[in-house]
Each structure stands twice: as C-alpha cells, then as structure tokens.
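Working notes for the structure below.
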Amino acid sequence: MVAALGATAFGADSVQFKTGSDLAQQWNDMPRRAITNFTVTETPQARVVDPTDPTKRSVEWWNNGPRDGNVALRSQSDDWEDFRVADDFFLQEGCWYHIHEVTVVMCVSVEAEIRNYGLEFYTDCNGVPDELILGPFLEFTEEQIGTVDDHGLVLYQVTFKVGEFLPGYQRLWLSPYGIGNIGEYFWVSSNNLHVQGRKGHEQYMDYGWTPVDEVCAFCEVFCTDFFFTIEGQVCKVLKDNSDFVTATGPAVAGIPNLAQSLIPFKTAAADDFQVPPGKDQEICKLKVWVASNCIEFIRGGLFANECDCPTGDVTELGAPFSIELLDGEAHLGLPVYLVTWVNNEDHPVLEAGRNYWLAISFPGATNQSHRAYWLYKAPNSCTTLNINEAKYRRANSAFMEFTPYSLIPVVGFATDHAFKLWTNPVPHVCNGDDDDETGGSAGSPITPGNKINDANLIGGTQGQSGSGTQTFSQFAR
C-alpha cells in the first residue's frame with residue numbers, strides 16, 4: 001500500500017491562482033483537474049510477461065522514478081475538451097534508440113468501463129514541449145494494479161507499443177492520455193518531488209504548455225515528474241556503408257542482378273562486417289539500399305565467415321520491417337528502395353570477435369523481366385572496402401560459389417555494397433531450463449561450414465554488362 005494523508009480533489013472550488021496565468025483563469029470552470037496526496041490500495045497481482053512477445057529482449061533504458069502518491073493530473077481528450085500532461089527524457093549523443101514500448105500509470109474513474117488511451121511524443125523547445133514528432137500510438141495493454149481510496153478511481157498500468165527508432169542527442173517529451181467522453185483519466189506522478197530534467201508540463205486546449213506547479217498557487221500541485229518507463233534497445237552503429245551510388249542507363253541483365261532465381265540465397269550478393277571483441281551483439285537495425293522492379297521478393301540473411309568468405313548455411317532475417325521508395329532516385333532505369341530490418345527474436349546472436357556476411361537475395365523473382373540490384377558503396381581511395389570486398393554467386397552459372405567481384409570478368413573491380421548496421425549488446429535473459437546458474441542468452445550463434453577457396457571458384461563469364469557510358473552519382477545517408 002502507498003499511503004498519503006489529506007487526499008484532495010481540485011476543480012471548481014479552487015480560489016487562488018498565480019497572477020498572469022491564462023490557464024489558471026480557466027480553472028474554476030473546468031472539471032476535476034487533479035488528485036493530490038492520495039492513498040492507493042494495491043492489487044496483489046504480478047504482471048505476466050508473454051513469452052512470445054517479440055520485445056522480450058528489451059531492456060529498460062529509461063525510468064522516470066518510482067510512482068508516488070503526490071499528485072495525478074488530468075490527461076484526457078474527448079469531444080469537447082483536451083487536457084494534456086507531458087514529461088521529458090533525453091537520448092544520449094552517439095547512440096540510437098529503438099523504443100519498443102512505453103509504460104505509464106493512469107488513474108481512471110470507474111465510469112470508464114471500456115478504456116482507451118493514446119501516446120504522443122513532442123520535440124523540445126527551450127525546455128517546453130513543442131512540435132508533435134511521433135504518434136499517436138493507440139495500441140496498448142493494461143493491467144489493474146490498485147484503487148484510489150475515496151475518489152472512485154482505479155489505478156492501471158498501461159503499456160504502449162511504439163516500435164520507433166530515434167537518434168541522440170535530443171530531448172523529447174511524451175504525453176499519455178485517455179480517450180473518450182465517459183470517465184476521467186489522470187496521469188500519476190513519480191520521483192517523490194525529485195525532478196529529472198524538466199518538471200512536468202500541462203496544457204489545456206490551445207493555451208500552451210505550462211509547468212504543472214505554476215497553474216494554481218495553493219492547489220498542492222507540486223513541482224514533480226510523472227511516472228513512465230521506456231523499454232527497447234540502446235544501439236550503436238557497427239558498420240556504415242550508407243553512401244551509395246546509382247547508375248543511369250538501361251535496365252540490363254547480368255551481374256549483379258539478384259533476380260531470376262527460385263531457391264533462396266543460391267543467387268545472392270554478400271558483404272562482410274566485424275563484431276568487436278567483448279560482448280556478444282544482436283541486430284538493432286539494418287538498412288540496405290537496392291534497386292528493383294520486384295522488391296516484394298527481397299530477403300536478407302547472415303552467413304558465418306571462414307577465411308574471408310561466407311560459409312555454412314544462411315540464417316534468414318525474416319520479413320523486412322519497412323520498404324521505402326526513395327523519390328527521385330534511379331539505378332539502371334529501376335526505382336531505388338531503402339529496406340529496413342529491426343530487432344527480431346529470430347535473429348541470431350552475433351558472437352564477439354567474429355566476422356559475418358550479410359547476404360541479399362530475391363528468391364521467387366523468376367520472370368525474365370525481373371531485375372534486382374544491391375547498390376554499391378561509393379568508391380573512395382582508402383575506404384571503398386570496409387574489411388573484404390563484396391562477393392556474388394549465381395545458381396547454374398560459372399559462379400555457383402561466392403566469388404569476389406574483382407575476379408568476375410564483367411565486373412572486374414573490388415567494391416562493397418551499401419548498407420548500415422546498428423547493434424546492441426545482447427541483454428541477459430534468465431532461463432529456468434539452463435543448466436548453469438548464469439542463465440542463457442537470446443538467439444543462437446551462426447555456425448561456420450566448410451572452408452571455401454576463392455581461387456577455385458573462378459572461370460567463365462556470366463551475363464553482359466551494359467554498353468555505353470554510365471553516369472554515377474553519390475548520396476550520403
């Protein structure tokens with residue numbers, strides 16, 4: 001039980017306001033705005049984690065302090081009025097953040113038998129919420145965790161599914177709110193009057209955002225934070241080959257066309273990356289740049305490395321998270337796409353101190369008109385190759401095993417492919433079935449296969465390169 005004395009509800013009977021506050025002048029005419037110093041009777045029920053939840057490998061990378069009983073402020077949008085409360089957090093420089101879910105605690109009146117919630121994110125402008133940047137997010141789960149004594153309110157833990165990826169450094173604000181005309185929704189405070197960053201702000205209709213303790217002088221609405229946690233991944237760039245090049249000209253057959261193949265990854269291109277020593281990693285986010293007229297067939301996968309070559313069986317990455325058409329870009333007469341994969345529990349563990357090969361394939365794109373090209377990384381005198389040069393293989397050809405581009409006559413030069421990879425350390429996962437006391441880790445490592453000797457793979461030609469002059473343009477992403 002969280003106990004507090006002197007529970008008070010503020011609304012029409014409040015009489016003292018801070019001079020010059022437009023929002024305070026509206027207070028007397030409003031419905032109940034705040035519950036302060038309230039007592040909560042906890043519900044004896046533990047949250048059950050769904051073992052199939054794809055975010056179970058998340059870590060809690062932001063906690064805005066323990067829930068307290070100091071204040072709960074109205075945060076609700078209905079057909080007539082809009083009350084909002086927002087609180088801030090920040091993203092550190094040098095990291096990227098994959099937000100899987102946000103959890104808040106809301107007080108809701110018993111009249112709201114069917115509850116709906118939303119969540120929005122705002123940019124920061126000089127310490128105040130500014131422009132809407134993400135949301136609304138309307139997918140949520142809720143769990144009753146208590147009741148607020150003497151006020152006809154029930155306490156709910158509400159978890160929003162977000163699935164967004166944001167870079168540091170920046171300060172952001174989030175605002176959870178109830179939706180609907182039935183009942184009242186209040187966001188519960190946290191941190192026992194200790195403030196992380198900026199104190200909470202509230203907004204009524206279009207009066208602008210105001211610090212929560214500056215609306216009513218004697219309402220016991222303290223300088224406070226509000227309860228929320230953020231779970232997901234804190235990621236860093238492992239390899240950045242995002243400066244791709246495109247070529248203008250006719251759509252031509254031949255290397256490195258990845259289409260016109262039925263079996264996954266028997267026709268594929270591959271490029272390598274390195275996991276540093278230390279901790280095992282997992283994929284946080286992966287972007288590749290391709291040009292194709294059959295983009296729906298794209299597949300991504302990983303091979304182990306042995307002697308600077310892909311080896312063993314491929315571990316597929318599953319369906320892409322998103323496929324984005326890049327306006328104004330073209331390669332050999334084809335549209336250019338940015339294809340993104342994000343964290344998935346089926347992705348393998350990337351073992352520390354190992355090399356891996358990312359492979360792209362278009363199985364099932366068997367029509368003779370199908371074309372698919374994984375774009376090259378822009379050439380540079382010293383950084384064209386980031387580790388080893390990319391490789392290619394094609395079913396039923398002279399290059400049925402992965403072969404360096406420099407040894408394929410119709411290409412004849414060493415190059416890398418365009419992709420960008422973010423990773424994060426694998427979070428510790430306790431597994432009751434593990435034999436050791438330390439528990440296990442999520443995912444499975446990729447197992448190398450037999451050694452492949454590049455020198456034995458060369459011979460013959462495959463396809464024809466385009467004729468005439470090709471103009472290359474470079475883009476940084």
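The set of residues from the stretch 58-113 being within 21 Å of the chain's Cα centre (by Cα) and of a type in the set (Ser, Thr, Tyr) comprises SER58, TYR97, THR103. In the stretch 124-137, the count of residues that are assigned to a loop (DSSP other than H, G, I, E, B), in the same structural domain as THR229 (by TED's automatic domain parsing) and either among the acidic types (Asp, Glu) or without any contact (Cβ under 8 Å) to a residue 24 or more places away in the chain (or both) is one or more.
To keep it simple, each residue is scored yes or no on (1) within 24 Å of the chain's Cα centre (by Cα); (2) on the phi > 0 side of the Ramachandran plot; (3) not small (Gly, Ala, Ser).
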{"residue": "ARG115", "(1), (2), (3)": "no, no, yes"}
{"residue": "TYR122", "(1), (2), (3)": "yes, no, yes"}
{"residue": "PRO129", "(1), (2), (3)": "yes, no, yes"}
{"residue": "GLY135", "(1), (2), (3)": "yes, yes, no"}
{"residue": "GLU139", "(1), (2), (3)": "yes, no, yes"}
{"residue": "ASP149", "(1), (2), (3)": "no, no, yes"}
{"residue": "VAL162", "(1), (2), (3)": "yes, no, yes"}
{"residue": "LEU174", "(1), (2), (3)": "yes, no, yes"}
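If you go through the stretch 138-147 one residue at a time, do you hit one that is assigned to a loop (DSSP other than H, G, I, E, B), in the same structural domain as PHE227 (by TED's automatic domain parsing), buried (at least 20 other Cβ atoms within 10 Å of the Cβ) and modelled with pLDDT of 90 or more?
No.
So that you can scan it fast, the table gives a plain yes or no per residue for (1) farther than 21 Å from LEU421 by Cβ; (2) among the hydroxyl-bearing types (Ser, Thr, Tyr); (3) surrounded by 23 or more Cβ atoms within 10 Å (Cβ to Cβ):
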{"position": "LEU326", "(1), (2), (3)": "no, no, no"}
{"position": "ALA330", "(1), (2), (3)": "yes, no, no"}
{"position": "ASP346", "(1), (2), (3)": "no, no, no"}
{"position": "ALA352", "(1), (2), (3)": "no, no, no"}
{"position": "TRP357", "(1), (2), (3)": "no, no, yes"}
{"position": "SER361", "(1), (2), (3)": "no, yes, yes"}
{"position": "ALA365", "(1), (2), (3)": "yes, no, yes"}
{"position": "HIS370", "(1), (2), (3)": "yes, no, no"}
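Quick one: is GLN196 outside any strand (DSSP E or B), polar (S, T, N, Q), in the same structural domain as CYS107 (by TED's automatic domain parsing) and farther than 20 Å from VAL110 by Cα? Taking the combined requirement at face value, the residue satisfies it. Sub-6 Å Cβ pairs linking a first residue in the stretch 163-175 that is in the same structural domain as ASN126 (by TED's automatic domain parsing) to a second residue that is loosely packed, with under 15 Cβ neighbours inside 10 Å and part of a loop (DSSP other than H, G, I, E, B), at least 6 apart or interchain, are GLY168/GLN92; GLY168/GLU93; TYR169/GLU93, ordered by first then second residue. VAL110 meets each of the listed conditions (1) out of contact with any Asp or Glu (no Cβ under 9 Å at 6 or more places or on another chain); (2) crowded, with 20+ Cβ neighbours inside 10 Å apart from (2). Counting only residues that are surrounded by fewer than 17 Cβ atoms within 10 Å (Cβ to Cβ) and touching a residue at least 60 places away in the same chain (Cβ under 8 Å), the stretch 287-311 holds 4 of them. Elements of the type strands (runs of 3 or more DSSP E) sitting completely within the stretch 375-477 and holding at least 2 residues that are of a type outside the set (Phe, Trp, Tyr), closer than 30 Å to ASN344 by Cα and at pLDDT 65 or above: these cover 391-393, 419-425. CYS95: surrounded by 15 or more Cβ atoms within 10 Å (Cβ to Cβ) and under 17 Å from PHE228 (Cβ atoms), yes or no? Considered against the rule, which asks whether it is surrounded by 15 or more Cβ atoms within 10 Å (Cβ to Cβ) and under 17 Å from PHE228 (Cβ atoms), CYS95 comes out as no. Within the option set LYS377, LYS391, being buried (at least 20 other Cβ atoms within 10 Å of the Cβ) and over 29 Å from the mean Cα position of the chain (by Cα) holds for one residue only, LYS391.
Within the stretch 58-107, the set of residues being acidic (Asp, Glu) and within 21 Å of GLY127 (Cβ to Cβ) comprises ASP87, ASP88, GLU93.
The values are calculated or read from the model by the stated rules, or taken from the named source; none is laboratory data. Quick caveat: nothing in here was measured; it's all calculated off a predicted structure. Cβ: placed from backbone, ideal geometry, glycine included. Neighbour counts: every protein chain shown.
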